[in-house]
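The values are calculated or read from the model by the stated rules, or taken from the named source; none is laboratory data. The structure displayed is predicted, hence computed values, not measured ones. Here the Cβ is made from the backbone with ideal geometry for all residues, glycine too, and neighbour counts use every protein chain on show. Heads up: the accessible areas ignore ligands, DNA and RNA and are worked out on the full protein's heavy atoms, side chains in. Shrake-Rupley method; radii C 1.70, N 1.55, O 1.52, S 1.80 Å.
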Amino acid sequence: MTDFGYREVSPEEKTQLVGRVFSSVAKRYDLMNDLMSLGVHRLWKRHFVATCGIRTGQNLLDLAGGTGDIARLARERGAEVVVADINREMLATGRSRMDAVGLVQGLEWLQVNAEALPFASNHFDHLTIAFGLRNVTWRDKALAEMYRVLKPGGRVHILEFSKVGLPALAKVYDTWSFQVLPRLGQGIAGDGESYQYLAESIRRFPDQPALAEQMREAGFERVSWSNLSGGICAIHRGAKV
């Protein structure tokens, strides 16, 4: 069994349920993130990519990247980007957004499962995943696959909601997540249940030291993390040596 928010479900059921969540919110994904973070996710993502150390001509795999947000920022820094997502609706939404602004060259869009990546070993210079790792059914398999497809010297960069360190901020954050967010999701997007799941999934996700240890178990070295907004989210990084 594995977790789907606060429920225990079979791995197969989690994959289906997560798929339904993101199929439901695909066209309102920016709205969802704006509601969850009060718009600050845009600043987090920009800082995340700016500190990845991407150089012109490097290749990057952006997992759970269907919105195209990270890919767009990485292309601005000269990377060749493969955007990979398990959800077809998310990919279609992201690609249409990039096409609408003329961002076509240097982007490839693929529907893939993070736990079984269809890429050769030692292939990518960088791998990013932003707000997607907590939705993977088997995190250990996904981390192992990330390690496999990176070149020696390649870097993984994970941006994810995490553990708030300040008690006063944690109390406010909990109230926002569980009392306000689902109601906003229902009223604005017509889907309160998906927003409830997303709030629960954040609380079930490992805290910063636990995720760092899981990355080391997958083989990554020089693992580090830095908190953003008091730990509401965190950037984890690791290297394949």
Residue 171 surrounded by fewer than 15 Cβ atoms within 10 Å (Cβ to Cβ) and basic (Lys, Arg): yes
Residues of segment 99-110 that turn out to be at pLDDT below 95 and not in a loop (DSSP other than H, G, I, E, B), as a count: 2
Those residues of segment 219-233 which are surrounded by fewer than 17 Cβ atoms within 10 Å (Cβ to Cβ), of a type outside the set (Gly, Ala, Ser) and closer than 23 Å to residue 150 by Cβ, in sequence order: 221, 222
Any hit, segment 117-124, residues being touching a residue at least 60 places away in the same chain (Cβ under 8 Å) and of a type outside the set (Phe, Trp, Tyr): yes
Extreme residue, nearest to residue 134 (Cα to Cα), among residues of segment 193-208 that are within 18 Å of the chain's Cα centre (by Cα) and open to solvent by 50 Å² or more (accessible area, probe 1.4 Å): 204
Residue, farthest from residue 15 (Cα to Cα), within segment 80-106, restricted to residues that are of a type in the set (S, T, N, Q) and in contact with a helix residue (DSSP H, G or I) (Cβ under 7 Å, 6 or more places away or on another chain): 93
Qualifying positions in segment 156-175 - out of contact with any helix residue (DSSP H, G or I) (no Cβ under 6 Å at 6 or more places or on another chain), closer than 18 Å to residue 200 by Cβ and modelled with pLDDT of 95 or more: none
Those helices (runs of 4 or more DSSP H) lying entirely in segment 11-70 with at least 2 residues in contact with a Leu (Cβ under 7 Å, 6 or more places away or on another chain): 29-37, 41-50
Some residue of segment 150-158 being open to solvent by 10 Å² or more (accessible area, probe 1.4 Å), under 20 Å from the mean Cα position of the chain (by Cα) and of a type outside the set (A, V, I, L, M): yes
Pairs, first more than 14 Å from residue 134 (Cβ to Cβ) in segment 5-19, second surrounded by 15 or more Cβ atoms within 10 Å (Cβ to Cβ) and at pLDDT below 90, C-beta under 6 Å, six or more apart: 11/2
Single residue of segment 198-213 satisfying the filter (in contact with a helix residue (DSSP H, G or I) (Cβ under 6 Å, 6 or more places away or on another chain) and part of a helix (DSSP H, G or I)) that is nearest to residue 237 (Cα to Cα): 201
Among residues of segment 183-192, those that are open to solvent by 20 Å² or more (accessible area, probe 1.4 Å), part of a helix (DSSP H, G or I) and free of Cβ contacts under 8 Å to residues at least 40 places away in the same chain, counted: 3
